[in-house]
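Just below is one structure, and these are the notes that go with it.
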């Protein structure tokens, strides 16, 4: 399954994150991106936050109109079924390789956009990932999903 990186986002801390044309992605995160509270955001296992245009479209259907980067994601994707991902799956984004480590836990800062956003986004909050192979990424880079082997019950 292939998709694309439609927007790469950074901020000096907080939301929204704003688009940049390109940035180096390292094990410590995205060049130019800062987090205010490192207890809950950032770090090697949460170096990249991922959300999709498809999830933004779903939010708009729910009556919550937000732009890419509003929920604080670094990678805004298109054509990648985030609902089909699981911990351990990898995404090749251009030359960069990241691995899904956890579901993104939405924080109360999202309430600035809509009083019901935390309730509505539950289960559709995106992912966080660690960086396996560092590289410069840019908007338009192809994304290839590499699913981890799943244990069968």
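The values are calculated or read from the model by the stated rules, or taken from the named source; none is laboratory data. This structure is a prediction, so every number in the text was calculated from the model and none was measured. Cβ atoms come from the backbone with ideal geometry, glycine included; neighbour counts cover every protein chain shown.
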Of the residues in region 127-139, those that are more than 16 Å from residue 73 (Cα to Cα) and part of a loop (DSSP other than H, G, I, E, B) number 1
For region 33-70, how many residues are modelled with pLDDT under 85 and within 20 Å of residue 89 (Cα to Cα)? 2
Within region 21-37, how many residues turn out to be crowded, with 17+ Cβ neighbours inside 10 Å, part of a strand (DSSP E or B) and in contact with a strand residue (DSSP E or B) (Cβ under 6 Å, 6 or more places away or on another chain)? 3
Within the bounds of region 68-78, is there any residue that is more than 13 Å from the chain's Cα centre (by Cα) and either within 20 Å of residue 134 (Cα to Cα) or not in a strand (DSSP E or B) (or both)? no
Please give the number of the condition residue 98 fails out of (1) crowded, with 18+ Cβ neighbours inside 10 Å; (2) within 22 Å of residue 60 (Cβ to Cβ); (3) modelled with pLDDT of 95 or more. (2)
